[in-house]
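The block underneath contains the structure these notes are about, expressed in structure tokens.
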Amino acid sequence: MGKRGFSSQVVASISDIVPAYNASRTLAETLDSVARQTRVPFEVVVVDDGSSDDTVQVAQRYTDILPRLQVISVQNGGVSRARNIAIAASSGDIIAPLDADDLWHPTYLERTCAALERLGQGAGFAYCFWRGIDFQGRVASLNEVVIVEGIGFYRLLAHNYVGNGSNYVLWRHRLQAVGAFDERLLGNEDFNLQLRLAWTGPVGAVPERLVGYRNSPNSLSKQWRVMAEHGITMLRRLRKELPAQPRAMDWALSSAHLRFHFVVVLFGAGTWLEGTRHLLIGTWYDPMRTLSRASASVRYRLHRRIAMLRGRWAPQGAPDISGRHFFDVDPTANWPNPLMHFTRLRVQESEALDRERAAELALPAPRKTELEFPRAYSESSTGPVAITQQ
């Protein structure tokens, strides 16, 4: 970190890293959201991962707009490799990953980097919440809220409360300590890095929805089978690498195998035999999880059937903010999106394990987990930001 240091008089510099593959349709709006940040990044590094469209040309249009913009073109090697190349080409104290189809609210860097700095140099990462958006940038969905402060490794295993690769920031020196993005993984590479960071340092949450997560049909997250397979692979490797509590790893592996089962059932991404096999393995790791999911499914179907017979069934309604552009919605605005009851229980059980882990690291005990979006947040918020759409 050279002469920068981290004294109260010096603000840490930020490197925004953007992997991009055939992203010309969304990259301009993504880079616009970077240019509008209230805390300006020190540099922006875009790595074109062998695109066949005009991704490079779109990025180069921002040379005069974004500070110290680098556009690097490489042969296609996957998102993890592209991120690692961007990190190697950057020099900021804080790494801020951003996928080429996602959006940041103008206060994103200001809020998340301030949270990371408050945690100190030993922090794992700081994260915020997000809204799913469509190609027009309109709000379509929400992630479930889990507010974690302090050591949060086991709660992250129980439920991925970060959720994507564009809503967390981390110290460069912590990345150097735990290792870069795993280039062997074709999915769950963000989750893997977040888990390794959370194993060694505290995490912090900004309870605002500051990221627009694009629901792109061609994104890696929509390659259901690949994501499911590499999720299992990642957890098995992690189990060998970290001396974590075996029962917590069992819970995570159960969820990963059941996810593979549902990928087969819902999307036909495999054979009946494969689906059955992963259902049995998932049940073996955590029988209560399977029973809970089956029970929830039966209750939902029964409730729906009775409501339809009474003529009262209607799809779940959308709140007023659904369909509005991401930038036009107050980041503190919310509607209920609770976790499944069983997942809530697992998160609460994992909190005790995080307290044990904090004691092992001689760190303060983590704060009690919050499983609801706060009605009133103690820190000031800038509220909605009106941005004229082109």
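Using θ = phi - 60° in the Karplus curve 6.51 cos²θ - 1.76 cosθ + 1.60, the 3J(HN,Hα) couplings for region 273-282 round to 5, 5, x, 5, 4, 6, 4, 5, 5, x Hz; x is entered for Gly and Pro. What FRET efficiency, computed as 1/(1 + (r/R0)^6) with R0 = 30 Å and r the Cβ-Cβ distance, is obtained for L266 and T38, rounded to the nearest 0.05? Here the calculated transfer efficiency is 0.15. Of the chymotrypsin sites (Phe, Trp or Tyr not before Pro) in region 121-182, not one is in a loop by DSSP (not H, G, I, E or B) with at most 11 other beta carbons within 10 Å. Cα centroids of region 17-60 and region 88-163: 18 Å apart. Shape verdict for the chain, please, from the Cα gyration tensor: rounded (a/c under 1.5), prolate (a/b greater than b/c) or oblate. Rounded, since a/c falls under 1.5. Between amide H atoms placed 1.01 Å from N, distances below 5 Å from E372 occur with I147, all of them 5 or more places distant or on a separate chain. Near H278, once Lys and Arg are set to +1 and Asp and Glu to -1 for all other residues with Cβ below 14 Å from its Cβ, the sum equals +3.
Kirkwood analysis of region 224-309, using all unique Cα-Cα pairs, places the hydrodynamic radius at 13.9 Å.
Residue order for W272, W199, fewest other beta carbons within 10 angstrom first, comes to W272, W199.
Comparing I65, I95, I151 in a Gaussian network model of the chain where C-alpha atoms under 10 Å apart are linked, the largest mean-square fluctuation is found at I65.
Using the number of other C-beta atoms within 10 angstrom as an exposure proxy, rank S91, S52, S350 with the fewest first. Can you show the working numbers first?
Working: S91 16, S52 9, S350 26.
So the residues, fewest neighbours to most, are S52, S91, S350.
Couplings for region 191-197, taken from phi via the Karplus curve 6.51 cos²θ - 1.76 cosθ + 1.60 with θ = phi - 60°, read 4, 4, 5, 4, 5, 5, 5 Hz in order; Gly and Pro are left as x. Helix-only arithmetic for the chain: the sum of -39500 (n - 2.57) across DSSP H runs with n ≥ 4, divided by the residue total, places the mean residue ellipticity at 222 nm at -13000 deg cm²/dmol.
The numbers here are math on the coordinates, done by the rules we state, and not lab data. Owing to the predicted nature of the structure, the values given are computational and were not obtained by experimental measurement. Note: ideal-geometry Cβ built from the backbone for every residue, glycine included; neighbour counts use all protein chains shown.
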